[in-house]
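What follows is one structure encoded as structure tokens, with my remarks underneath.
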Amino acid sequence: MFDVSTTDPTGTRKLLNVMLVLGIIDVVLFVPLVLGMVGIIDSDSFVGPVGMVHGLAFLAIVGIGLLGAQQQRWHVKFVAAVVVSGAVGLVIISDLLIRRELEAALAEPQQV
């Protein structure tokens with residue numbers, strides 16, 4: 001689906017781990033923003049700083065995704081999936097899908 005490269009699985013996993021940590025931070029920050037948007041909590045005091053960190057984390061995730069695509073670790077379709085899923089705070093889903101694809105590719109016997 002994302003055409004993940006198996007030439008450097010350790011480096012690919014490291015990039016994915018950084019994306020996963022940033023994705024978790026992004027989701028944690030996204031939840032109070034949504035709760036403030038629907039009026040469950042008072043959002044006047046934290047929307048600016050929390051929203052800014054949330055946005056910077058998302059931009060870092062997209063940047064790392066583009067870096068991986070440029071290094072041919074995965075297809076640009078993965079970056080598109082990150083952008084779409086990140087719009088609703090679910091970058092972790094894209095991460096899990098590509099990790100599953102990487103593990104499946106590594107489990108297949110290599111053909112010469």
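The values are calculated or read from the model by the stated rules, or taken from the named source; none is laboratory data. Worth saying up front: this structure is predicted, and the values here are computed from it rather than measured. Glycine also receives a Cβ, built like all others from the backbone with ideal geometry; neighbour counts cover every protein chain displayed. To get the accessible areas, we keep the full protein, side chains included, count just its heavy atoms, and leave off ligands, DNA and RNA. Shrake-Rupley method; radii C 1.70, N 1.55, O 1.52, S 1.80 Å.
The C-beta contact set for segment 21-47 (first residue without any contact (Cβ under 8 Å) to a residue 12 or more places away in the chain and hydrophobic (A, V, I, L, M, F, W, C), second residue surrounded by 13 or more Cβ atoms within 10 Å (Cβ to Cβ) and not in a loop (DSSP other than H, G, I, E, B), distance under 7 angstrom, 6+ apart or interchain) comprises Ile41/Pro32; Ile41/Leu35. Restricted to segment 71-82, and to residues there that are open to solvent by less than 60 Å² (accessible area, probe 1.4 Å) and without any contact (Cβ under 8 Å) to a residue 24 or more places away in the chain, the residue that is nearest to Gly23 (Cα to Cα) is Val79. For segment 19-47, the set of residues classified as assigned to a helix (DSSP H, G or I) and either among the acidic types (Asp, Glu) or within 14 Å of Ser94 (Cβ to Cβ) (or both) consists of Met19, Leu20, Leu22, Gly23, Ile24, Asp26, Val27, listed by residue number.
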